[in-house]
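The values are calculated or read from the model by the stated rules, or taken from the named source; none is laboratory data. The structure presented is a predicted model; accordingly, all values stated were derived computationally and were not measured. Here the Cβ is made from the backbone with ideal geometry for all residues, glycine too, and neighbour counts use every protein chain on show. Heads up: the accessible areas ignore ligands, DNA and RNA and are worked out on the full protein's heavy atoms, side chains in. Shrake-Rupley method; radii C 1.70, N 1.55, O 1.52, S 1.80 Å.
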Amino acid sequence: MGPPVDPVHGDDVHLDTADVVIIGGGIIGVSTALFLARKGLSVTVCEKGHVAGEQSSRNWGWCRRMGRDPRELPLVVEALRLWGDMEQLVGEDVGFRRTGILYLCRNDGEIAHHEEWLKRAGDFALDTRMIRGEALAAQLPGARTTFKAALHTPSDGRAEPQKAAPAIARAAQRAGARILLRCAVREIDVEGGRVRGVVTEQGMIRAGAVVVAGGVWSSRLCRQIGVKLPQLAVRASVMRTAPVEGGPDGAAWTEGFAYRKRLDGGYTIADGTTNHHDIVPDTFRYFTDFLPILAREWRGIGLRFGKDFFNGPAGFAQSSGPGESIYERHRTLDPAPAVGLLAQARARMEDVFPALKGAAILQRWAGYIDATPDAVPVIAPVASMPGLVIATGFSGHGFGIGPAAGRLAADLVMGDRPLVDPTAFRYERFIDGTRPRPTTGV
């Protein structure tokens with residue numbers, strides 16, 4: 001069962017027309033809705049379950065610039081600016097705090113890896129520095145392990161995933177957007193080679209533009225209208241503890257565990273190194289697209305066959321048919337967490353921070369990350385399908401980058417001057433061979 005999410009009350013279903021329909025009520029979808037509604041457009045968000053039911057509430061809650069792919073850095077800078085103004089923007093505290101983030105280094109190889117990122121980041125590194133000795137110890141109160149160094153960004157921060165997207169959704173509603181819950185989009189309606197709206201379980205909504213922000217469901221939705229979107233789902237497991245006194249503030253990653261101090265005084269803990277991919281038909285469909293990143297990251301990816309081979313976002317099951325569609329059969333994806341992996345992560349963190357020993361584990365959960373072959377999202381119109389805009393494939397970066405990604409998607413829908421240069425996020429890079437090789441920061 002996923003973590004408890006702040007509620008959003010859906011609007012009444014009056015299916016007719018809208019300027020823009022957004023598929024997906026995660027942080028990307030509701031952020032896009034907020035900025036479009038603030039520009040005066042009529043916006044309808046269609047969410048098959050509830051707001052932030054999937055990965056938008058199941059992530060670590062990091063809001064970071066540090067370690068990002070250089071192509072994302074301009075957008076991340078804008079995202080952190082928006083996070084800093086979030087309480088004023090949405091009228092609620094979503095838990096954003098600039099408590100800093102650390103990448104802890106145990107050896108010279110890890111130090112060299114992070115120093116290389118500093119060089120690639122250039123001016124976008126801003127206040128990121130390698131720290132050692134007393135400066136590092138001050139960031140790790142109660143630690144009994146001494147690390148050689150750490151990459152540290154004081155201006156990075158953390159927020160609460162179970163609060164953020166719902167607060168943004170409520171702000172979008174106040175700005176005039178409609179949010180329809182338990183209203184699955186069965187297919188995108190196309191006439192004469194362009195998008196004309198969506199077919200939902202409640203009926204048709206006509207619209208001049210459709211934004212696909214459906215997370216791991218996006219590739220299936222696009223494939224139904226002949227748009228190839230190489231994307232795979234990666235299952236990541238997380239746990240949260242009861243409040244703990246005497247532990248570190250902020251967030252950090254090291255080999256074997258990662259953590260974030262929560263607003264409630266507990267910790268979000270994950271392995272941080274190993275995730276899982278359930279083998280599905282899309283694994284074979286997009287194998288050559290993902291081969292470079294799989295070859296490089298194979299040690300950190302666990303593979304298995306499971307029931308999702310036949311069902312789920314990328315399974316063989318038909319998207320629509322008589323009665324329920326696959327989207328209605330899966331209102332909220334709730335995969336089982338890797339309990340053993342989480343137990344190891346907890347033990348490793350307790351070895352470093354004895355204050356956490358004996359802390360009650362309140363919950364464990366897992367979520368599916370929507371990953372692209374180069375680990376950079378698609379935020380772009382599709383040239384071959386006028387009226388279609390895609391905002392997906394955030395590859396584990398969606399929460400932190402979400403507000404700015406929504407702003408950029410809104411700009412692209414409107415044809416306004418974009419928040420940042422959107423070239424790096426082009427959809428066509430997967431079609432015309434211009435996709436660069438993936439890079440990583442962690």
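For segment 1-159, calculate the relative contact order in percent as a whole number, restricting contacts to Cα pairs under 8 Å that are 6 or more residues apart. Display every interim value, and only then the final one.
Numbers: 192 pairs, mean separation 38.1, N = 159.
That works out to 24 percent.
Would you tell me the accessible area of K228, worked out with a 1.4 angstrom probe on the heavy atoms of the protein chains, in Å² to the nearest 10?
90
Mean residue ellipticity at 222 nm from the helices of the chain, using -39,500 (n - 2.57) per DSSP H segment of n ≥ 4 over the full residue count, to the nearest 500 deg cm²/dmol? Could the numbers behind the result be given before it?
Values: 13 runs with 123 residues, N = 442.
Mean residue ellipticity, 222 nm, calculated: -8000 deg cm²/dmol.
State the label only: which of [x] 64, 45, 42; [y] 116, 50, 34; [z] 72, 47, 46 corresponds to Cα extents along the principal axes in Å computed from the shown model?
The listed entry that was calculated here is [x].
Of W117, W62, which has the most accessible area and how do the rest follow, probe 1.4 Å?
Numbers: W117 0, W62 25 Å².
Result of the area sort, largest leading: W62, W117.
Indicate the helices, whole DSSP H runs only, in the chain that combine a mean Kyte-Doolittle hydropathy of -0.5 or more with a Cα extent along their long axis of 15 angstrom or more. Please list the in-between numbers first.
Values: long enough: 27-38 (16 Å, 1.73); 73-84 (16 Å, 1.21); 108-121 (20 Å, -1.30); 161-174 (20 Å, -0.56); 339-352 (20 Å, 0.24); 398-414 (23 Å, 1.00).
Passing helices, by number: 27-38, 73-84, 339-352, 398-414.
Under 8 Å for C-alpha pairs, at least 6 residues apart: give me the relative contact order for the chain, rounded to a whole percent. Intermediate values should be presented prior to the final figure.
On the way: 1032 pairs, mean separation 106.4, N = 442.
Once normalised by length, the contact order is 24 percent.
Need one number: nm distance between label points at I279 and A343, each 7 Å from Cα along Cα→Cβ, rounded to one decimal.
So the two model labels end up 2.6 nm from each other.
Name the most mobile residue of G415, G61, G26, meaning the one with the largest mean-square fluctuation, in a Gaussian network model of the chain with Cα contacts below 10 Å.
G415
At a Cα cut-off below 27 Å, give the lysines reachable from K261, other chains included and same-chain residues fewer than 8 away excluded.
K148, K163, K357
For a quick check, take a GNM of the chain with Cα springs below 10 Å and name the residue from Q173, Q363, Q162 with the largest mean-square fluctuation.
Residue with maximal mean-square fluctuation among Q173, Q363, Q162: Q363.
Quote the accessible area belonging to V185 in square angstrom, nearest 10, computed with a 1.4 Å probe and with ligands, DNA and RNA left uncounted.
10
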